[in-house]
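To keep things clear, I will list the structure first and then write my remarks on it.
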Amino acid sequence: MMKKISVTVFVVLLFIVPLIGLIPGEWNWNPRLEATLGTTVAMICAVVLLNHLFGYMAGKAIAFQTGKRIRIAEFLISLPLFVPVLLLSFGLYLTWIRLGLADRFFGVLLVLLLPTLPYTVRLYTNGFQALGERMLEQMVLIEGNRFKRWFYLTGPMLRSTLQSVTLLVTVITISQYALVALIGGGIVRMISLEVFPAYSGNSQGAARLATLWLIGLPILFYAGQAVIFSSWIRIVRRRLNGSHDTTSQ
Amino acid sequence: MWRGNAYPAALLMAGMVLYGLWVSISMTTSADYRELLTDEVFLESLAVSSYVAIISTVLALIIGVVLARLLSRTRLAALLAIPLFIPHLGAAYLAILYLSDVPVIGPHEGNYFSVILTYLYKEIPFVFFYLLPVVRRLDSRYQELGMMLGLSPVRRFWHARGVFLLVPMLEAAFILLAFILFAYEIPALLGVTYPKLLGVYAFDLYTQGDLSEQPLAFAMSVVLTGGLFLLLLLMTGLTRPLATKISRGRSE
């Protein structure tokens, strides 16, 4: 009991209490910061969607396929975790110039997949493994139409995986300064390009405001997704006429 | 049942990594490597980066796995999810906010303590959630079996827990090590101008120096990628016998 209390105190003191200092006395606006929000939100949406698309396919394959080829694919996907991505992006930048992708939204989007997609694939692999092959086969027997099956069964059951992926990708994407500055050439203006100089500057107010946006955006995305999920699941329950509902009894 | 498709993701990731590496190789000559490997600034940067990365990784691993053991069956695990919402840049701000006036551990000190502390803030929760599923699956009956066989506490720990934790822990360690070794944002904000960490040094060399410095940055990316790759091969080679033993033991 003593041990549990001291661990709780340790965790709360070191990880939660520091966040109190971020609560602002008064709310200010900074037009330079808000001007980056359009690009930032668009980029986050695009990176998140591509991560879900590629990550879902790859995670399912790694969880349910066997053999040498899938192990090689798994290794190749995890490569960016084990190599210096920023240093390799120097070379990519030269190529992006030739392909006309440098200083463009799409060029930055592609490079931002490097620090995000390997994590996404891991999360999806774990999610599918936890669900299990038998469960998925069972679902095929219950519902033949694959779209209906996804809407009623697979999607809701993968809810926690989908939510973690969105959170992780949002947090990583919003925090990239060097990659965005390099590949975007200062033209693709994401929020980190304003936040970074604010931290090196002298204005405490500007730095605090920047941090609030930095933390606020992932929370907003997460909350938005939570709302979508709860209404999705409410629709599914209503459609199933409550006869399969075991939680709200 | 459709069994997914890993090739688009594999092609994207391997394509960009290997192509970036190929461009870096083609931009350098052997003279650049000779210059890099005798460059005092680079060698010092490598040393101080290794120090920061190894200390942060080891501490994050130990504290993370202990917390996972202690909190795996409690609701407190949710508390540690909160730092996951904080981007690395935001964590750097916390260090600026609280440590700026503190002597030894403040930002812009040559010992890089503030950088290490910031990484611990972000990476302990990472290790915690990376290992939580493994810790939750640990079977306490192995521990009882060890007790029954009269094994010493150390050997009991190794056979009941250690073998299952080793590979995931090494994986987490490698991810953290590679990430911290080459990260830019946190050391650029909290570090000192000399010696710089590798990510900051390479980025500044590439973006701020004149064009004649660029081959050095490319040589750096080749050498460091190659070095890390060797380390990865060594690690997988060493742990493969154990990993296959464990998976065979489970499936039979």
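Observations, loosely collected:
- Spin-label pair A:Gln163/A:Gln138, simplified geometry with 7 Å Cα→Cβ offset, distance in nm: 2.2 nm
- Cross-link reach list, lysines versus B:Lys245, counting only Cα pairs under 24 Å and skipping chain neighbours closer than eight places: A:Lys68
- With all protein chains in place and ligands, DNA and RNA left out, the 1.4 Å accessible area ranks B:Val135, B:Val41 as B:Val41, B:Val135, largest first.
- Protein accessible area in chain B, 1.4 Å probe - carbon and sulfur %: 67 percent
- Inter-label distance, nm, simple model (7 Å from Cα along the C-beta direction), B:Ser26/A:Arg32: 3.9 nm
- Enclosed volume per residue, in Å³, of the convex hull spanned by Cα atoms of segment B:109-209: 112 Å³
- Model label points for A:Ile219 and B:Ser140, set 7 angstrom from Cα along the Cα-to-Cβ axis, are 3.8 nm apart.
- Relative frequency of Cα-Cα separations exceeding 43 Å in the protein assembly as shown, percent: 17 percent
- Accessible surface ranking that places the most exposed of B:Glu123, B:Glu171 first, with a 1.4 angstrom probe: B:Glu171, B:Glu123
- The residues A:Trp150, A:Trp232, sorted by heavy-atom accessible surface at 1.4 Å with ligands and nucleic acids left out, run A:Trp150, A:Trp232 from largest to smallest.
- Measuring r between the beta carbons of A:Phe229 and A:Asn126 and using R0 = 22 Å, the FRET efficiency lands at 0.70.
- Here B:Ile246 and B:Thr74 are evaluated by their C-beta separation; at R0 = 25 Å the FRET efficiency comes out at 0.40.
- Gaussian network model of chain B, Cα within-10 Å springs - most flexible of B:Pro195, B:Pro215, B:Pro241: B:Pro241
- Residue pairs, from the table A:Lys60/B:Lys122; A:Lys4/B:Lys122; B:Lys122/B:Lys196; A:Lys3/A:Lys60; A:Lys148/B:Lys122, whose Cα atoms sit over 32 Å apart: A:Lys3/A:Lys60; A:Lys148/B:Lys122
- On association of chains B and A, roughly 6700 Å² of accessible area becomes buried (total for both chains; probe 1.4 Å).
The values are calculated or read from the model by the stated rules, or taken from the named source; none is laboratory data. Not measured: the values here are computed from a predicted model. Here Cβ is always computed from backbone atoms with ideal geometry, including for glycine, and neighbour counts include all displayed protein chains. Protein only, heavy atoms only, side chains kept; ligands, DNA and RNA dropped before computing areas. Shrake-Rupley method; radii C 1.70, N 1.55, O 1.52, S 1.80 Å.
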